[in-house]
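Enquirer: Got a structure for you, questions after.
The values are calculated or read from the model by the stated rules, or taken from the named source; none is laboratory data. Every value quoted in this text rests on a predicted model; they were computed, and no experiment measured them. Cβ placement follows ideal geometry from the backbone for every residue including glycine, while neighbour counts extend to all protein chains displayed.
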Amino acid sequence: MTYEAFISEACESVGGTSFGGRFVSRAGIKKWLLEQKNIDCEKGVCKNALKRALVNFEKKGDSYRISKEMREKKSAAAKAEKKKEKAREKKAALAAKKLEKKAAAQTKKNAAAKPAKKKVATNTSKKKPVKKVKGKGKGKK
């Protein structure tokens with residue numbers, strides 16, 4: 001995860017919901033990162049990354065919260081994901097319906113083929129035996 005995602009998560013859990021929420025101090029964010037994610041923000045690399053990530057957030061003094069643009073971006077992404085999920089469900093339903101129709105057609109075809117087989121079997125049993133033709137026999141002239 002990126003520091004921006006970490007900070008968003010910290011703001012949501014410490015400062016309230018992502019739809020507004022209270023401002024969270026930099027110290028509060030650092031404390032949350034240390035407790036929840038075991039990230040020590042006193043090291044140089046972490047400090048710089050945190051500083052760069054905090055630029056994207058709404059600032060008031062030394063406190064931060066999720067900006068309106070970030071909330072809109074997050075909700076737009078959630079809407080897009082819901083739309084994709086709906087499309088996947090619809091596609092799966094259509095595939096299931098297609099398989100069901102195919103199976104119904106196959107059973108109908110099998111049901112139509114069974115009487116034809118029986119007919120053939122009954123016709124062969126009703127055939128009259130072949131009569132032997134009497135003809136000239138052996139030795140008679």
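Enquirer: Of the residues Lys73, Lys60, only one is free of Cβ contacts under 8 Å to residues at least 60 places away in the same chain, outside the structural domain of Ser8 (by TED's automatic domain parsing) and either in contact with a helix residue (DSSP H, G or I) (Cβ under 8 Å, 6 or more places away or on another chain) or surrounded by fewer than 16 Cβ atoms within 10 Å (Cβ to Cβ) (or both); which? Spell out how you get there, then give the answer.
Expert: Details: Lys60 fails: outside the structural domain of Ser8 (by TED's automatic domain parsing).
One residue alone meets the criteria, Lys73.
Enquirer: Then there's this: Does the range 119-135 contain at least one residue that is modelled with pLDDT of 90 or more, farther than 19 Å from Cys11 by Cα and either among the hydrophobic types (A, V, I, L, M, F, W, C) or assigned to a helix (DSSP H, G or I) (or both)?
Expert: Narrowing the range 119-135 to residues modelled with pLDDT of 90 or more: none.
No.
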